[in-house]
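Novice: Before I ask anything, let me first share the structure, which is written out below as structure tokens.
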Amino acid sequence: MMGCMTSGTYRICVVCLGNICRSPMAEVVLRRTLADHGLDRRVVVESAGTGGWHVGGPMDARAERMLRRHGYDGSGHRARQFTRDWFDRYDLVLAMDRDNQAYLRSLAPKNVEVRLFRSFDPDAQPGAEVPDPYYGGDDGFEEVLTLLEAASEGVARHVARQIG
Ligand code: 4NP
């Protein structure tokens, strides 16, 4: 939709608020799922936050620990802030919740679709969000991981259809 496929690579950006919990977790989970579908050489996954408080910093330690416990590596993450001019870098922008989706839509060119990550989970209700785990305990991070794994399958199927 944004024309990056002219380069032969389909590009996805997953976006939350701080880019230290949900979206960096989504980035590594989705990357793994795409690899499982044999799509890793054709798809690039990146992440960002709508807020800039943590730019340049690592993933939240609780998020990284939860990932490690489940066999993922989040140690290379450095937080970034999404800005308006990034829309033409991506074919698909996926928001973790409705607030961030609304904010991204307010920045986006008219032709750009910003979807909720969980809209690709066939078992999720319309409008379902990945809840912000930042102010809670470890169980919130576990729930985030479960929700991300469920929706990532649907994202991978969508991408497979898009790139044929
Ligand atoms: P995230 O979680 O959006 O999943 O990365 C948050 C991280 C930091 C803040 C809020 C949410 N914060 O307010 O600093």
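Novice: Going through the range 10-36 one residue at a time, which ones are more than 11 Å from the ligand (Cβ to nearest atom) and either part of a helix (DSSP H, G or I) or closer than 16 Å to Y134 by Cβ (or both)?
Specialist: First, the residues of the range 10-36 that are more than 11 Å from the ligand (Cβ to nearest atom): 10-13, 27-36.
Passing the criteria: E27, V28, V29, L30, R31, R32, T33, L34, A35, D36.
Novice: Determine whether the range 91-101 contains at least one residue that is touching a Gly at 6+ places or on another chain (Cβ under 6 Å), touching a residue at least 40 places away in the same chain (Cβ under 8 Å) and of a type in the set (A, V, I, L, M, F, W, C). Show your work before the answer.
Specialist: Taking the range 91-101 as the starting set, the residues that turn out to be touching a Gly at 6+ places or on another chain (Cβ under 6 Å) are none.
No: the range 91-101 contains no residue that is touching a Gly at 6+ places or on another chain (Cβ under 6 Å), touching a residue at least 40 places away in the same chain (Cβ under 8 Å) and of a type in the set (A, V, I, L, M, F, W, C).
Novice: Can I ask one more? Just to be sure I understand, how many residues within the range 56-83 are in contact with a Gly (Cβ under 8 Å, 6 or more places away or on another chain) and away from the ligand (no atom under 11 Å from the Cβ)?
Specialist: Number of matching residues: 7.
Novice: Taking the condition of being over 14 Å from P24 (Cα atoms) and basic (K, R), how many residues in the range 61-119 meet it?
Specialist: Total meeting the criteria: 8.
Novice: Filter the range 107-157 down to the residues that are in a loop (DSSP other than H, G, I, E, B), away from the ligand (no atom under 16 Å from the Cβ) and closer than 27 Å to T83 by Cβ and list them by number.
Specialist: Let us first name the residues in the range 107-157 that are in a loop (DSSP other than H, G, I, E, B), namely 108-113, 121-137.
Narrowing the set further to residues that are away from the ligand (no atom under 16 Å from the Cβ) leaves 108-113, 121-127.
Residues satisfying the conditions are A108, P109, K110, N111, V112, E113, G127.
Novice: Take the residues of the range 84-106 that are within 11 Å of the ligand (Cβ to nearest atom) and touching a helix residue (DSSP H, G or I) at 6+ places or on another chain (Cβ under 7 Å): which is nearest to I20 (Cα to Cα)? Reasoning before the result, please.
Specialist: If we filter the range 84-106 for residues that are within 11 Å of the ligand (Cβ to nearest atom), which is where we start, we get 95-97, 99-100.
Within this subset, residues satisfying the condition of being touching a helix residue (DSSP H, G or I) at 6+ places or on another chain (Cβ under 7 Å) are 95-96.
Working: A95: 14, M96: 12 Å.
Among those residues, the one meeting the criterion is M96.
Novice: Surrounded by fewer than 13 Cβ atoms within 10 Å (Cβ to Cβ), away from the ligand (no atom under 14 Å from the Cβ) and under 27 Å from T9 (Cβ atoms): is that true of R161 in this structure? Full working, then the answer.
Specialist: On the way: surrounded by fewer than 13 Cβ atoms within 10 Å (Cβ to Cβ): yes; away from the ligand (no atom under 14 Å from the Cβ): yes; under 27 Å from T9 (Cβ atoms): yes.
Criteria met by R161.
Novice: So which residues in the range 46-71 are surrounded by fewer than 18 Cβ atoms within 10 Å (Cβ to Cβ) and assigned to a loop (DSSP other than H, G, I, E, B)?
Specialist: Residues satisfying the conditions are G51, G52, W53, V55, G56, G57, P58, H70, G71.
Novice: Which residue, of A156, A102, is surrounded by fewer than 16 Cβ atoms within 10 Å (Cβ to Cβ) and under 16 Å from the mean Cα position of the chain (by Cα)?
Specialist: After ruling out the rest, the residue left standing is A102.
Computed from the coordinates by the stated procedures, all read-outs in this text should not be read as laboratory data. Bear in mind the structure is a predicted one, so any value in this text is a computation, not a measurement. Positions of Cβ are generated from backbone atoms using ideal geometry, with glycine treated the same way; all protein chains shown enter the neighbour counts.
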